[in-house]
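Below you'll find the structure, written out as structure tokens, and then a few comments.
Bear in mind that the values in this text are calculations on the coordinates, not laboratory data. Note that the coordinates shown come from a computational prediction; the quantities given were computed from them, not determined experimentally. Glycine gets a Cβ as well: all are built from the backbone with ideal geometry, and neighbour counts include every protein chain shown.
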Amino acid sequence: MNQYSKRNSLLQIALFGGAFATTAALTLLTPLGSRAVRAQLQNSPKAIVDEVWQIVNRDYVDGSFNQVNWEATRTELLSQEYSSPEQAYAAVRVALAKLNDPYTRFLDPEQFEELTTQTSGEMSGVGMRLELNTDTQKITVVEPMENSPAKQAGLQSGDQILQIDDRPTQGMKVEEAAQLIRGKEGTEVSLRVYRSTQGEFDVTLKRARIELQAVRYNIRAEGGTNVGYIQLSEFSSHAAEQMRDAISELSDRGVDAFVLDLRGNPGGLLYASIDIARMWLDSGEIVRTVDRNGGSQDFRANRSAIAKQPLAVLVDKNSASASEILSGALKDNRRATIIGTPTFGKALVQSVHSLSDGSGLTVTIAHYYTPNGTDISQLGITPDIAIDLTNEDKRRLAANPQLRGTSDDPCYARAVASLLAQLQPNPLAIQ
């Protein structure tokens, strides 16, 4: 059991950006009412309908349910007959839509499995990143992951995937290719591969459980200063341990400052953002959550910081939820310089619940506020240094992701300039 699953359900909250937010705690409720009612609902699509109603009734952040008569909604839902789970799912979605809350939503079993895979930071597959090469129009290996079946089989960056089992990949989308390659742990997938130095060859890979890399990092020499560049793509259950490893290794290698890149990070587990904030902050509040009854919970630094060097954080409009909690904490505590554009502006907390048939539900349960008490809803975190990329810059970086975090990246270049200025000795301080 990992460190997150040991904590109580309220604290295992996740925040998934512009989409929705989740908690690692999985809750299953029994229907309300008499034994006769429960017996009637058992093994019926109505059981799911009532499970959803109960969870929203108990936990939803707005006690007025956005002026919706939630009791009448239950009567309406249970008065209908459902001949299939899909009919029940459709009715639930209609009922939830009345709340006018895009983050309180129903997930069918396939969607729920996808979500839990994302929050776990693990997947079953062969462990390689794919792209559609714009020049060759071929499905191409970007890189195999360390300790993965793909890496162990010798697959390399630049290898072209010509066939997956019996299916040619010509004209195939990257998402479709990835879906075909994924599969149940222990099963096999056969690939026809082309390598420029070797020609075509076949390889059979056994799928395994792969820990996804949420953190990537390296050292950049900038004007005689070593800058540790860390890119965090999401706050999965492995993100905090990966971040700790990155900070520790970069510090051991003597970096003078850090750039933490949260651009495009949609969020993730709340506790991951709190744990990561504590790696940078020795003291101060990180975030405060408030539920529908006005009950609040403060999360604070606990003098466990492992990095003291100057820090710059890169954000954009797609930095959301847990990204905003982390950047807001670092900004309000004056621990980092925030650089980029205003963030997404999602100040709501959701919990995720598993339902008895494998489907799931995300429910908004609280608001959150930055240490200074700021409500960032619809506003986002305002950067200390605003950088508006030109359309040409955006196209160039999108087409060449390897330029991100280099001198050809205007946000990174501005971060380095800010850090170098901080590291310059102050002549007025010399007595």
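Overview of results
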read-out: Cα centre as origin, Lys/Arg/Asp/Glu Cβ charges: the range 141-279 dipole, Debye; value: 140 debye
read-out: Proximal lysine pairs, the range 35-175, alpha carbons under 26 Å, eight or more residues apart or interchain; value: 4
read-out: Given [x] 51; [y] 40; [z] 44, the label whose value is percent of Cα pairs over 30 Å apart derived from this model; value: [x]
read-out: For the range 104-177: relative contact order, % (alpha-carbon pairs under 8 angstrom, 6 or more apart); value: 24 percent
read-out: Extension reserve of the residue 375-residue 203 stretch, reckoned as 0.36 nm per residue once the Cα distance is removed; value: 56.6 nm
read-out: Gain upon complete extension [residue 252, residue 179; 0.36 nm per residue less C-alpha separation]; value: 22.4 nm
read-out: Cβ-derived FRET efficiency at R0 35 Å, residue 138 paired with residue 219, nearest 0.05; value: 0.60
read-out: Signed unit charges on C-beta, dipole axis of the range 302-403, positive-most listed residue 356, 307, 318; value: 307
read-out: Distance histogram for the range 54-128 (every C-alpha pair counted, 10 angstrom bins, percent rounded to whole numbers); value: 16, 40, 27, 13, 4
read-out: About the Cα centre, charge dipole magnitude for the range 368-417 (Lys/Arg +1, Asp/Glu -1 at Cβ), debye; value: 160 debye
read-out: The chain: relative contact order in percent, alpha carbon pairs under 8 Å with at least 6 residues between; value: 18 percent
read-out: Protection proxy ranking of 59-71, 91-103 - average other beta-carbon atoms within 10 Å, highest first; value: 91-103, 59-71
read-out: Net lengthening on full extension, residue 69/residue 84 (0.36 nm per residue, minus Cα-Cα); value: 2.8 nm
read-out: Candidates 167, 278, 414, ranked by Gaussian network fluctuation over the chain, Cα under 10 Å, top entry; value: 167
read-out: Where a label projected 7 Å from the Cα of residue 293 along Cα→Cβ would reach, residues of the range 363-386 with amide N under 13 Å; value: none
read-out: Theoretical FRET efficiency, 1/(1+(r/R0)^6), r = Cβ-Cβ of residue 391 and residue 57, R0 41 Å, to 0.05; value: 0.30
read-out: Rounded to the nearest 20 debye, dipole of the chain from Cβ charges on Lys, Arg, Asp, Glu; value: 580 debye
read-out: Distance between modelled label sites at residue 402 and residue 162, nm, 7 Å Cα→Cβ extension; value: 2.4 nm
